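A.B. asks: What follows is a single structure, and I will ask about it in a moment.
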Amino acid sequence: MKKIISKCIFAGAALVASVSLACAQDKVSVAAISGYFAQGFGVSIVNGLNKAKTDFGIDLKLVDTGNRALDYEEQFANLAKDGKYDLIFVMGWELVDALQKASAAYPNQRFVFIDGVLDSDKMIYANFAEEQGSFIAGALAGMIESKGSAFDKIGDGKAIGFVGGRDIPVIRNFLGGYEQGSKYAAPDITVKPVFAGTFDDPAKGSELTQALYNEGADIVYNVAGPTGEGVMQASAAADKYSIGVDIDMCSTAPGNVLGSMLKRGDIAVYSLIKDEVEGHKVMPGTRTFDLASGGVELKVCDDIAPKIPEEVKAKLDEIRKGIVDGSIKVAKAK
Amino acid sequence: MSDRLRAVYGQLLAVLFALAIGAIIILMVDESPVKVFMTLLRGAFGDQAKIAGTLLQTTPILICGVAACIGLRGGMFNVGIEGQLFLGGFAAAWVGFALPLPAGVHMLVGLAVATLAGAAWVAIPAFFRARYNTNEVVSTILSNYVAVLLTSYFTIFLFKRPGGWSETPPILPTAYLPELFSFSRLNWGLVIGLVLALSVAWFFRYTSKGYSISMVGSAPKFAEYGGVNVKRQGFLVLLVSGAVGGLAGGVETLGVHHRFMEGFAPGFGFDGLIAALLANGSPIGTIVTALFFGALRSGSLLLEVETTASREIITVIQALIILSVSAQVLMKRRGDSTAGERRWKF
C-alpha cells in the first residue's frame, strides 16, 4: 500500500494531475481460489485473470486449495479477513460449504462463485449455459452417429456416449443439454451416460470410454475434468470419436476429436473484472454466460470440419440461431 | 549420551536439514525464506484462532500417529491407517445420519462404530499375516485403495445427498462431537487424541501385556521362546491399531465435517505414520511430532495467501524429513544391525 501511495505521489508530481487522480482510486485487487487451476476450465479462468491483470494492472492472487476439506475454511478466512480483495473468485463445488460459511462470516466480502447458483443472495454467480453448448454437441454427435458406416469410423450402434465426472448438478446440466440436442437432431440415436465418480482419474475415464465404444457408442462426450484426459486418449487408442469440454481439446487426439464444447471461463472473469475496474461495482446476483454472449460455444475441430456433410453444418447453424433467438428452448437439469 | 537423547538429537537434525534444504528451494522460487518461515509461524500460532487451527490440523495426525505407534511397537507396520480412517469416517457418519439416538449416546455410538469399522477393515490383512505370514506392509497399503473407493461407492451410489457435492446427508446434531471454543472448529477430538496417546504410553511402560508386545516388536524370537503367542499377539496389535485408525475417521466426521464427503481427508493416515516414525514409535513423542506437522500444515494455509511461495513447500519439507530420517536409520543399521531392526522391520 505504502509503495502505491509513494508511487502515486511521485507520479502526481512528475506528470499531469489526471494521473494522480487515477492513482487516488484504489487499485482493484482480485483473488481466485480453487483446487483445479491446472486443468481444463481452471486453465480458462486463469487465462482470463491473467489477461485482466495485463490489461488493467490489477493485483491478482491465485490460491490453490489442495484437496483436503479440512483446510478450506481457514483458507477462505485467510483470504477474506483483511478485506484486501475487492472480488474473490471461487471455483469448485467441493468448496461450497466453506464458501457459504465464509460469506456469512465476512458479509462485506464479495465472492464470485463460478459455475452455478447457490441459495445465498449475498454472492455473485457466474452461471454458464452449458446446456446450450451441450445441446449443439449432442446434435452434432447424434447426426454424425446416424450416418452409420457412411461416416469414417462410425459403426451401426446408433448410440452416443457421455462420461461425466461426478454426479453433481452442473454435470447433469451438460448431460441434459446433450440428450436434448441429440433427440432434437437425430431422434433414433440413444444416449448412454456414465459417471466416473471422480474428476481425478484418467485411467478410469479411459476404461469407461472403451466400455462405451464396445457397447456401440462411437462418439463420447467428455465432461470429466482430468478424468476426461482418459476419454480423449481412449478415442485415439480405439480410433473412435470424442468431444472435448471447457477448452479447445482438438490437439489431444488429432483426427479423433470431433470438437470441443468451450466454456469460456476466461470471458466470464474478464468481463466481471472489466466492469469493476471501469467503476461499475459488481453487485450480488447472477450473470449468465450463454451462447448469445459467447460464454459457451461448440468449436468443431479444423481437421474434422471438412469431413462434416454440408446438411449437418447447416442444421447446426440453424440450431445455433434457434437457441440464440429463443425459438429452441433448452431446459436446465433440475 | 543416552540412546533416547541420541535419537531425539538425530530427529532434530533431520528436521533442521529438511528446513535448510527447504530454504534453498524457497530462494530458488525468488521468495525470502525468512519471510516464508515467519509467515508459517504466524499462520500456525499468530492468534488464538490460528493456534486452534493448528490443533485442529494436529488432531487427525495425532490419532493416526498413535495408531501407527501401536503397530510399530508391536512389530507391525500398519500402512493401512488411511483406509481405516476412511471407513471409520464413513461408518460414524452413517450412524450420525441414519440412526437417531439420544444426544451424547449417539456420538459415543458413532465413535464406537467407527472404531469397529477400522478394526474390521484391518482384520483381513491381519488374518493373513497371522495365518500365512503375508507381509502386512503390502496388504495394508493395498487395502487403502479399496477402502477409499468403497467409501466413494457408498457415498455416490447408496447414500448421496440429492443435489450438490458427492456427500452423505448431514449427521444429526445429537451426534456432533462438541467444539471446545466458539471461535474454531477445534473439538473434543483433540482431547481424545491426547488421552489416547498418554494411555498408550502408560500401557507400554507399566503393564506386562505392554511389555510383552514391545518384546515381540523388538525381538520376536526371544518373545516366542519366552512363551508369547507371537502370531496371536501380532493379530491383536494390528486390530487395535486399525481400531484407532477408524476412530480418527470418526472424530473427523463427527467433530469437523458433520457429514462424509467422498475423498474427505486424503493423506492423514500417512501423515500420522510419518509423525509416529519421526517419534520413533513413542506415543508421547508423537504428540510433539503431530503438533509439528499440524503447525506446518496450518501455517502453509497462510503461506499460500500471503507469499508467492506455494503451500506445497511444506510437502517438500515433510518429504525431506522422511528422507533424512530413513538415511539415519540406514546408517545406523550399518553399525548396529539389531538397532536398525528394532526401529523398522523392513
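A.B. asks: Counting just the Cα atoms, what span does segment A:155-246 cover along each of its three principal axes? Round to the nearest Å and put the largest first.
C.D. replies: Principal axes ranked by extent give 33, 30, 19 Å for the Cα atoms.
A.B. asks: May I pose another question? Let's test the formula: R0 of 56 Å, r as the Cβ-Cβ distance of A:LYS158 and B:ALA49. What FRET efficiency results, to the nearest 0.05?
C.D. replies: 0.40
A.B. asks: What would the Debye formula give as log10 I(q)/I(0) at q = 0.18 Å⁻¹ for the alpha-carbon point model of segment A:59-141, no solvent?
C.D. replies: -0.76
A.B. asks: For A:VAL63, list long-range residues whose amide hydrogen, built 1.01 Å from N in the peptide plane, is under 5 Å from its own amide hydrogen.
C.D. replies: Residues meeting the amide H criterion: A:ALA32, A:ILE33, A:SER34.
A.B. asks: Quick one: angle between helix A:69-80 and the longest Cα principal axis of chain A, in degrees between 0 and 90, rounded to 10, please.
C.D. replies: The angle comes out at about 40 degrees.
A.B. asks: Among A:ALA126, A:ALA32, A:ALA238, which one shows the highest mean-square fluctuation when chain A is modelled as a Gaussian network with alpha-carbon springs under 10 Å?
C.D. replies: Looking only at A:ALA126, A:ALA32, A:ALA238, the biggest GNM fluctuation is shown by A:ALA238.
A.B. asks: Determine which lysines satisfy two conditions relative to B:LYS209: a Cα distance under 27 Å, and not lying fewer than 8 residues away in the same chain.
C.D. replies: Those lysines meeting the cut-off are B:LYS221, B:LYS231, B:LYS345.
A.B. asks: Here's a follow-up. Filter the GluC sites (Glu not before Pro) in segment A:206-258 down to the DSSP loop ones having no more than 15 other Cβ atoms within 10 Å, then list what survives.
C.D. replies: For GluC sites (Glu not before Pro) across segment A:206-258 that sit outside H, G, I, E and B with at most 15 neighbouring Cβ atoms in 10 Å, the list reads A:GLU215.
A.B. asks: Quote the relative contact order of chain B in percent (integer), defining contacts as alpha-carbon pairs under 8 Å separated by 6+ residues. Intermediate values should be presented prior to the final figure.
C.D. replies: Values: 629 pairs, mean separation 121.8, N = 346.
Relative contact order of chain B: 35 percent.
A.B. asks: Hey, which lysines would be in cross-link range of A:LYS61, C-alpha to C-alpha under 19 Å, not counting anything within fewer than 8 residues on its own chain?
C.D. replies: A:LYS2, A:LYS3, A:LYS27, A:LYS51, A:LYS53, A:LYS81, A:LYS84, A:LYS274, B:LYS35
A.B. asks: Compactness ratio of segment A:258-334: Cα Rg over 2.2 N^0.38 Å, N = residue count?
C.D. replies: 1.40
A.B. asks: Still on this structure, please answer the following. Grab the Cα-Cα distance for B:TYR206 and B:PHE181, subtract it from 0.36 nm times how many residues apart they are, and report the gain in nm with one decimal.
C.D. replies: 5.6 nm
A.B. asks: Give me the percent of accessible area attributable to carbon and sulfur for the protein assembly as shown, probe 1.4 angstrom.
C.D. replies: 63
A.B. asks: Find the sum over both chains of the accessible area lost when B and A are paired, probe 1.4 Å, and report it in Å² to the nearest 100.
C.D. replies: Values: alone 16280 and 15050 Å², together 28760 Å².
What B and A bury together is about 2600 Å².
A.B. asks: Still on this structure, I have one more. Can you list residues from other chains, or at least 5 along the same chain, whose modelled amide H is less than 5 Å from the amide H of B:GLY263?
C.D. replies: Amide H neighbours of B:GLY263: none.
A.B. asks: Could I ask something else about it? Which whole DSSP H helices in chain B pass both tests: a Cα extent of 27 Å or more along the axis and a mean Kyte-Doolittle value no lower than 1.6?
C.D. replies: Working: long enough: B:3-28 (38 Å, 1.72); B:48-73 (35 Å, 1.13); B:105-132 (40 Å, 1.32); B:230-252 (33 Å, 1.04); B:283-306 (34 Å, 1.18); B:313-335 (34 Å, 1.28).
Counting only whole DSSP H runs, the qualifying helices are B:3-28.
A.B. asks: Rounded to a whole number of µm²/s, how large is the Stokes-Einstein D of the protein assembly as shown at 25 °C and 0.890 mPa s, given Rh as the Kirkwood radius over C-alpha pairs?
C.D. replies: Once the numbers are plugged in, D ends up at 89 µm²/s.
A.B. asks: Place the peptides B:254-262, B:299-307 in order of packing, highest mean first, counting for every residue the other Cβ atoms within 10 Å and averaging per peptide.
C.D. replies: In decreasing order of mean packing, B:254-262, B:299-307 become B:299-307, B:254-262.
A.B. asks: Okay, next question. Please report Rg over Rh for segment B:53-298, where both radii come from the alpha carbon positions and Rh follows the Kirkwood definition.
C.D. replies: Answer for segment B:53-298: 0.98.
A.B. asks: Let me ask you something else. At 0.692 mPa s and 37 °C, plugging the Kirkwood radius over alpha-carbon pairs of chain A into Stokes-Einstein gives what diffusion coefficient in µm²/s?
C.D. replies: Details: Rh = 21.1 Å.
Result for D is 156 µm²/s.
A.B. asks: I've got another one for you. Please report, in whole Å, how far the alpha carbons of segment B:36-103 spread along each principal axis, starting with the longest.
C.D. replies: For segment B:36-103, the Cα extents along the three principal axes come out at 44, 40, 18 Å.
The values are calculated or read from the model by the stated rules, or taken from the named source; none is laboratory data. Here the structure is a predicted model, which means the values were calculated and not measured. Cβ coordinates were reconstructed from backbone atoms using ideal geometry, including for glycine residues, and neighbour counts include every protein chain displayed. SASA here: full protein model, heavy atoms, side chains in, ligands and nucleic acids out. Shrake-Rupley method; radii C 1.70, N 1.55, O 1.52, S 1.80 Å.
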